[in-house]
1. Does residue 65 qualify as being in a helix (DSSP H, G or I), modelled with pLDDT of 90 or more and surrounded by 10 or more Cβ atoms within 10 Å (Cβ to Cβ)?
2. Is there a residue being loosely packed, with under 10 Cβ neighbours inside 10 Å and at pLDDT 85 or above anywhere in the range 68-77?
């Protein structure tokens, strides 16, 4: 996670608790959790959009292959 080890994260958390105070840490953690969740949702939606575009492109390629093979079959007769 960001190239930080376990002990670095523990020290950062302890410093945050000392600076902000233990009573204010809980709302801040909740807010950060909500923000992370929203960012993850946005990234997932972004990925889904590209996957749909890729599938549409694949379908178009298959349709063109089928169309060209049908034209070739009709031309042979």
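1. On the way: in a helix (DSSP H, G or I): yes; modelled with pLDDT of 90 or more: no; surrounded by 10 or more Cβ atoms within 10 Å (Cβ to Cβ): yes.
Judged against the criteria, residue 65 is not a match.
2. For the range 68-77, residues loosely packed, with under 10 Cβ neighbours inside 10 Å and at pLDDT 85 or above: absent.
The values are calculated or read from the model by the stated rules, or taken from the named source; none is laboratory data. In this text, all values refer to a predicted model and were calculated from it rather than measured experimentally. In this analysis, Cβ positions are derived from the backbone assuming ideal geometry, glycine residues included, and neighbour counts consider all displayed protein chains.
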